[in-house]
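S.K.: First the structure, then my questions, so here it is.
The values are calculated or read from the model by the stated rules, or taken from the named source; none is laboratory data. The structure displayed is predicted, hence computed values, not measured ones. Because the Cβ atoms are built from the backbone with ideal geometry, glycine has one as well, and the counts that use them run over all protein chains shown. Accessible surface areas use protein heavy atoms only, side chains included; no ligands, DNA or RNA. Shrake-Rupley method; radii C 1.70, N 1.55, O 1.52, S 1.80 Å.
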Amino acid sequence: MPSLNDGASARIEAALAHIDISDDIAQGLAQPDAALKVSVPLRRDDGSFALYPGYRVRYDTTLGPAKGGIRFHPDVDADEVSTLAFWMTMKCAVMGLPFGGGKGGITVDPKTLSPAELERLSRAYIEQVADFIGPDTDIPAPDVNTNPRVMGWMADQYRIIRRAHRPDVITGKPIEMGGSRGRTTATGDGAFHVLATMMKRWSREAAGTTVAVQGFGNAGVRFARLAAEAGYRVVAVSDSAGGIYNADGLDLDAVEQAKSAHGAVTAAEGEEITNADLVTLDVDILAPAALESVITADNAPAIRAGIIVEIANGPIAAEADGTLADNGIVVLPDILANAGGVTVSYFEWVQNRQAWYWDAETIADRLEKRMVEATERVAERAETLDIGHRTAAYVIAIEKLDQAAEARGTSAFFRGDDHR
Ligand code: GLU
């Protein structure tokens, strides 16, 4: 079995110090329910043949079918997928969605593939995992380097295999193939709702508040846009090639144009900075929106932002938690801050199952309501227990799992000493 990374285990431990749960659920949280490793075959355009390692993990299904994205990245391995699937378990639980947690991935750099190769690889992955996933068991979605088109190929391949339309097997599909309105922007929208809810609680204004966004993908761009529209000053953004900084605020239209024309935000006007520089900028809000572990024990002492909004999954290594807390830095944790994506995925799944599609306004309203309510729950728990928001979110999620385990009967019940 693949294992959880140490950081995830440390966060479970931190939460367990504040709640009294059955040992049954604590045991279950330590490893995934099921993990599949496959070899994904690809006929390259030049006629050569290649095999890529592929994974799908169902971490926990106590609250419903496993749910979580599929990532294409050269660093994907069994333990990473497993840890990401664990985070999905916590995320769905904290949001009150009727899902467990799953994740998948292929160890590949998609930039080395042609569009036709990418299609063949996406379909071949579904060939390999078709019996492991399913609309009632495990429902994939996009993640790093995958998008609606890839989900469309995958859903189509599942239809071919099953000889039946099952749009509810995958979320994040193109709208024309049963996707939901608002899914593409959902992660950035959700992160912004979380921030806005907290700013209101703190009675803080957007005007004069500076923001740096590390990662200029789907979620990072949307969050930067919403922040700028709401009056925040977005002073820095970056992508994998580096970043740009302008103390007066960036022209995001120009940055997006530069990115689409030249493939890098550094082609836009502004002072060039590295990703490492961006993370330690003297800003009010830092939003890491790319990959895991950009903030570690090494650079944590140098972080000057007062608030970190974790739009990526796992951007802060657990080893950095203590330093950030000691320095009074508030972290709005990934399992809450980036949960907008899976929340609209849930709406998509519901719409697919009912074959009844909602308009954009309904989606936006329902997303906002759920994000605001979840943020309030986490903030209130953090205050009551006098703990950080991450631990509070874990406490809420683990409690939810515990209640579901309790409903089925835990060790105490079967021993006969549980009088509930
Ligand atoms: N990959 C996204 C995440 O990490 C979305 C998952 C989903 O929609 O199922 O939350």
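Results for (1) under 21 Å from Lys173 (Cα atoms); (2) out of contact with any helix residue (DSSP H, G or I) (no Cβ under 6 Å at 6 or more places or on another chain); (3) within 12 Å of the ligand (Cβ to nearest atom), shown as yes or no for each residue.
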{"position": "Arg56", "(1), (2), (3)": "yes, no, no"}
{"position": "Ile70", "(1), (2), (3)": "yes, yes, yes"}
{"position": "Met88", "(1), (2), (3)": "yes, yes, yes"}
{"position": "Gly101", "(1), (2), (3)": "yes, no, yes"}
{"position": "Val108", "(1), (2), (3)": "no, yes, no"}
{"position": "Glu117", "(1), (2), (3)": "yes, yes, no"}
{"position": "Arg120", "(1), (2), (3)": "yes, yes, no"}
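S.K.: What do you reckon, is Leu286 touching a helix residue (DSSP H, G or I) at 6+ places or on another chain (Cβ under 7 Å), within 27 Å of Glu205 (Cα to Cα) and not in a helix (DSSP H, G or I)?
M.R.: Numbers: touching a helix residue (DSSP H, G or I) at 6+ places or on another chain (Cβ under 7 Å): yes; within 27 Å of Glu205 (Cα to Cα): yes; not in a helix (DSSP H, G or I): yes.
Against the criterion (touching a helix residue (DSSP H, G or I) at 6+ places or on another chain (Cβ under 7 Å), within 27 Å of Glu205 (Cα to Cα) and not in a helix (DSSP H, G or I)), Leu286 qualifies.
S.K.: Follow-up. I'd like to check something: does region 136-152 contain any residue that is under 23 Å from Ser82 (Cβ atoms), among the small types (Gly, Ala, Ser) and open to solvent by less than 50 Å² (accessible area, probe 1.4 Å)?
M.R.: If we filter region 136-152 for residues that are under 23 Å from Ser82 (Cβ atoms), which is where we start, we get 136-146, 150-151.
Next, only the ones that are among the small types (Gly, Ala, Ser) stay: 141.
Now drop any that are not open to solvent by less than 50 Å² (accessible area, probe 1.4 Å), which leaves 141.
Looking for residues that are under 23 Å from Ser82 (Cβ atoms), among the small types (Gly, Ala, Ser) and open to solvent by less than 50 Å² (accessible area, probe 1.4 Å), one finds at least one in region 136-152, hence yes.
S.K.: Look at region 348-366 and say how many of its residues are surrounded by 23 or more Cβ atoms within 10 Å (Cβ to Cβ) and either more than 22 Å from Lys173 (Cβ to Cβ) or in contact with a Gly (Cβ under 9 Å, 6 or more places away or on another chain) (or both). Step through it out loud before you land on a result.
M.R.: First, pick out the residues of region 348-366 that are surrounded by 23 or more Cβ atoms within 10 Å (Cβ to Cβ): 348-349, 352, 363.
Okay, now just the ones that are also either more than 22 Å from Lys173 (Cβ to Cβ) or in contact with a Gly (Cβ under 9 Å, 6 or more places away or on another chain) (or both), so 348, 352, 363.
Residues in region 348-366 being surrounded by 23 or more Cβ atoms within 10 Å (Cβ to Cβ) and either more than 22 Å from Lys173 (Cβ to Cβ) or in contact with a Gly (Cβ under 9 Å, 6 or more places away or on another chain) (or both): 3 in total.
S.K.: Considering only region 321-345, how many residues are buried (at least 23 other Cβ atoms within 10 Å of the Cβ) and farther than 23 Å from Thr209 by Cβ?
M.R.: Matching residues across region 321-345 total 6.
Rundown of residues vs (1) open to solvent by 40 Å² or more (accessible area, probe 1.4 Å); (2) in a loop (DSSP other than H, G, I, E, B), yes/no style:
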site	(1), (2)
Leu4	no, yes
Ala15	no, no
His18	yes, yes
Asp24	yes, no
Pro32	no, yes
Asp45	yes, yes
Pro53	yes, no
Val57	no, no
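S.K.: Given Ala397, Ala404, Ala379, Ala374, which one is closer than 26 Å to Asn313 by Cα, open to solvent by less than 10 Å² (accessible area, probe 1.4 Å) and more than 19 Å from the chain's Cα centre (by Cα)?
M.R.: Working: Ala397 fails: more than 19 Å from the chain's Cα centre (by Cα); Ala404 fails: open to solvent by less than 10 Å² (accessible area, probe 1.4 Å); Ala374 fails: more than 19 Å from the chain's Cα centre (by Cα).
Ala379 is the lone residue from the list that is closer than 26 Å to Asn313 by Cα, open to solvent by less than 10 Å² (accessible area, probe 1.4 Å) and more than 19 Å from the chain's Cα centre (by Cα).
S.K.: Against the definition (within 30 Å of Ile244 (Cα to Cα) and not in a helix (DSSP H, G or I)), how does Gly179 come out, yes or no? Write out each step before concluding.
M.R.: Working: within 30 Å of Ile244 (Cα to Cα): no; not in a helix (DSSP H, G or I): yes.
No.
S.K.: Looking at region 128-142, can you tell me whether even one residue there is at pLDDT 95 or above and part of a helix (DSSP H, G or I)? Before you say what the answer is, go through the steps one by one.
M.R.: Let us first name the residues in region 128-142 that are at pLDDT 95 or above, namely 128-142.
Checking which are part of a helix (DSSP H, G or I) leaves us with 128-129.
Yes, because at least one residue in region 128-142 is at pLDDT 95 or above and part of a helix (DSSP H, G or I).
S.K.: Yes or no: region 273-283 includes at least one residue that is among the small types (Gly, Ala, Ser), within 26 Å of Ala196 (Cβ to Cβ) and surrounded by fewer than 18 Cβ atoms within 10 Å (Cβ to Cβ). Walk me through it before giving the result.
M.R.: Going through region 273-283, the residues among the small types (Gly, Ala, Ser) turn out to be 276.
Now restrict to residues that are within 26 Å of Ala196 (Cβ to Cβ): none.
No, that holds for no residue.
S.K.: Let me ask something else about it. Which residue pairs have Cβ atoms closer than 8 Å, lie 6 or more positions apart in sequence or on different chains, and pair a first residue in region 265-282 that is without any contact (Cβ under 8 Å) to a residue 12 or more places away in the chain with a second residue that is in a helix (DSSP H, G or I)?
M.R.: Ala267/Ala258; Ala267/Lys259; Ala267/Ala261
S.K.: Checking the condition open to solvent by 10 Å² or more (accessible area, probe 1.4 Å) and closer than 12 Å to Val342 by Cβ, which residue from Gly96, Gly101 passes?
M.R.: Numbers: Gly101 fails: open to solvent by 10 Å² or more (accessible area, probe 1.4 Å).
Within the list Gly96, Gly101, the selection yields Gly96.
S.K.: Just to be sure I understand the filter: pairs with C-beta atoms under 8 Å, separated by 6 or more residues or on different chains, first member in region 171-184 and within 20 Å of Phe223 (Cβ to Cβ), second member surrounded by fewer than 17 Cβ atoms within 10 Å (Cβ to Cβ) and at pLDDT below 95. Which pairs pass?
M.R.: Going by the 8 Å Cβ cut-off, there are no qualifying pairs.
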